[in-house]
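Notes for the one structure printed next.
The numbers here are math on the coordinates, done by the rules we state, and not lab data. The model shown is predicted, which means the values in this text are computed figures rather than measured ones. FYI the Cβ positions are ideal-geometry reconstructions off the backbone, even for glycines, and counts take in every protein chain you see.
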Amino acid sequence: MKISVNGRTAEIAEGTTVEGLLKTLGIPLQGIAVELNGEIVPSGEHPRAALKEADSIEIVRMVGGG
């Protein structure tokens with residue numbers, strides 16, 4: 001199925017979760033924020049948050065500094 005990841009179309013398997021997507025993309029599970037269709041997904045929900053056709057995901061890495 002097709003979804004949008006940070007503005008780009010991606011093809012993923014049906015039943016993929018947010019955590020599964022992050023692992024597939026090689027993105028560390030720590031230090032990121034995920035927005036699904038305009039709503040933040042708490043990190044504890046990543047393993048259970050199933051993605052659907054045409055979902056829009058934004059993934060943001062936390063950056064420290066001063």
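In region 30-39, the condition of being more than 9 Å from the chain's Cα centre (by Cα) and small (Gly, Ala, Ser) is met by at least one residue.
Considering Gly31, Gly64, the condition of being without any contact (Cβ under 8 Å) to a residue 40 or more places away in the chain and at positive phi is satisfied by Gly31 alone.
Entry remark, region 1-34: residues being of a type in the set (Asp, Glu) and touching a strand residue (DSSP E or B) at 6+ places or on another chain (Cβ under 7 Å) number 1 in total.
Scanning region 46-55 for residues that are in contact (Cβ under 8 Å) with a residue 40 or more places away in the chain and loosely packed, with under 14 Cβ neighbours inside 10 Å gives Lys52, Glu53, Ala54. In this structure, Ala49 qualifies as touching a helix residue (DSSP H, G or I) at 6+ places or on another chain (Cβ under 7 Å) and of a type in the set (Gly, Ala, Ser).
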